[in-house]
Structure formats: C-alpha cells, structure tokens
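Please treat every number below as a calculation from the coordinates, not as lab data. Quick caveat, the model's predicted, so the values are computed rather than measured. Note that we place each Cβ from the backbone using ideal geometry, even for glycine, and neighbour counts take in every protein chain shown.
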Amino acid sequence: MNLLLDIILWLCVAAVIAIGAFASRMQSITLWAGKRITPEGMNKELPRGFQDAITPKIQDKFNTILPISYVAILVIGSMKRWYLGVALLILAFVGMFIVRAFLPNKIKFYLKIINYYMINKTADYAKISDVMRAEASKDVADQLQQLYFETDDNELVPDFSDIKKMPLGR
C-alpha cells in the first residue's frame with residue numbers, strides 16, 4: 001500500500017509539472033485567440049470571446065486532472081510527513097515553471113493545434129449530419145486560419161493578465 005501511494009504521489013507531481021506547463025500556455029492562447037476572433041461589442045454576452053468554442057477537448061481533461069493532482073499531492077504527501085504535501089506541491093509548481101520556459105512560446109505553434117482541433121470538430125459534426133454546428137465550427141476554423149496568417153511569425157504568447165484586459169475583436 002505504501003509503494004502504491006508513493007507511485008500515485010510521484011505521478012501526480014509529474015502530471016503537474018508536465019501537464020501544467022502545457023495547459024497553462026494553451027489556456028492563455030485559447031483566451032487570446034477566442035477574444036481576437038469574437039466580434040467587437042460582445043463583451044457582455046461573451047466576456048471570454050469564443051474561448052470555450054475553440055478549446056481542445058484535451059485541455060478540458062487537463063483542467064480536470066490538475067486540481068485532482070494538487071489535492072492528491074497535498075493529501076498523500078501530508079500522510080507521509082506533515083510538511084511533505086506542501087513541499088512537493090511547491091516543487092511541482094517550480095518544476096512546471098521551469099518546463100514552461102522550454103516550451104514553444106510562439107503564438108503560431110498553438111494556433112496550429114487549435115485549428116487542427118477545430119477542423120476535426122467540424123468533420124465530427126458533419127459526420128453526424130449536424131449541419132448547423134458543422135457550419136458554425138467551420139466558420140470559427142476559417143477565422144482561426146485567417147488569424148494564423150495575420151499573426152507575425154515571431155509573435156509570442158502574451159501574459160495571461162494582459163490577455164484578460166484585452167478587448168474583443170482584432
């Protein structure tokens with residue numbers, strides 16, 4: 001039982017480090033892109049723009065795994081030693097920021113991933129004959145592709161706090 005808890009604990013630490021780094025960058029870029037492709041003046045109806053529509057399904061899974069991992073690290077670590085849960089959580093966050101520094105930081109890298117997801121989403125809707133959703137997701141995919149071509153090759157993912165203040169539209 002002790003070995004199983006150790007394995008779970010270290011898997012959770014690894015998940016926070018690896019998944020957390022990528023998930024935080026994707027969260028930023030989906031908010032940025034979602035706000036950029038949303039028509040101006042829709043702040044009240046869509047304060048995050050089209051972020052929800054363009055967020056890949058894997059991001060939703062990451063956003064579920066991470067909080068569970070935080071709690072598991074705190075609980076299992078604290079069961080072993082009273083301070084170990086907090087210490088490992090801090091270690092995991094430091095590791096996450098270190099790994100994040102080595103991830104690609106160019107907007108276009110992440111726009112490719114999001115656009116790929118939207119193209120697949122469009123195909124999935126077309127496959128089940130959901131014409132209205134297929135057309136809507138194709139429109140969003142086209143807007144993302146246009147945003148990709150408008151974006152400078154060297155443009156970096158902005159800071160999350162700057163993105164939150166950003167108005168809707170281009």
Quiz item: Among (1) of a type outside the set (D, E, K, R); (2) part of a helix (DSSP H, G or I); (3) in contact with a Gly (Cβ under 8 Å, 6 or more places away or on another chain), where does P67 come up short?
Solution: (3)
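In region 109-126, which residues are buried (at least 20 other Cβ atoms within 10 Å of the Cβ), polar (S, T, N, Q) and more than 13 Å from F149 (Cα to Cα)?
T122
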Quiz item: Checking M96 against (1) closer than 26 Å to G41 by Cα; (2) surrounded by 13 or more Cβ atoms within 10 Å (Cβ to Cβ), which test does it fail?
Solution: (1)
Exercise. Could you please find all residues in region 130-151 being among the β-branched types (V, I, T) and either surrounded by 13 or more Cβ atoms within 10 Å (Cβ to Cβ) or under 19 Å from the mean Cα position of the chain (by Cα) (or both)?
Key: V140, T151
Exercise. Give the residues of region 66-82 that are buried (at least 16 other Cβ atoms within 10 Å of the Cβ) and more than 18 Å from L4 (Cβ to Cβ), sorted by residue number.
Key: L66, Y70
Self-check item: Residues within region 84-138 that are of a type in the set (S, T, N, Q), free of Cβ contacts under 8 Å to residues at least 60 places away in the same chain and under 14 Å from I54 (Cβ atoms), tallied
Solution: 3
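Here's the yes/no breakdown for (1) farther than 19 Å from S161 by Cα; (2) of a type in the set (D, E); (3) part of a helix (DSSP H, G or I):
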position	(1), (2), (3)
A15	yes, no, yes
A23	no, no, yes
I29	no, no, yes
W32	no, no, yes
R48	no, no, no
I58	yes, no, yes
G77	yes, no, yes
L89	yes, no, yes
V94	yes, no, yes
Quiz item: Residues of region 7-60 being small (G, A, S), under 26 Å from A72 (Cα atoms) and in contact (Cβ under 8 Å) with a residue 60 or more places away in the chain, which ones?
Solution: A18, G20, A21, S24, S28
Exercise. Would you please name the residue that is farthest from the chain's Cα centre (by Cα), looking only at residues in region 34-46 that are in a loop (DSSP other than H, G, I, E, B) and either crowded, with 20+ Cβ neighbours inside 10 Å or among the basic types (K, R) (or both)?
Key: K44
Self-check item: Filtered residue count, region 96-116, keeping only those that are touching a helix residue (DSSP H, G or I) at 6+ places or on another chain (Cβ under 7 Å) and either outside any helix (DSSP H, G or I) or on the phi > 0 side of the Ramachandran plot (or both)
Solution: 1
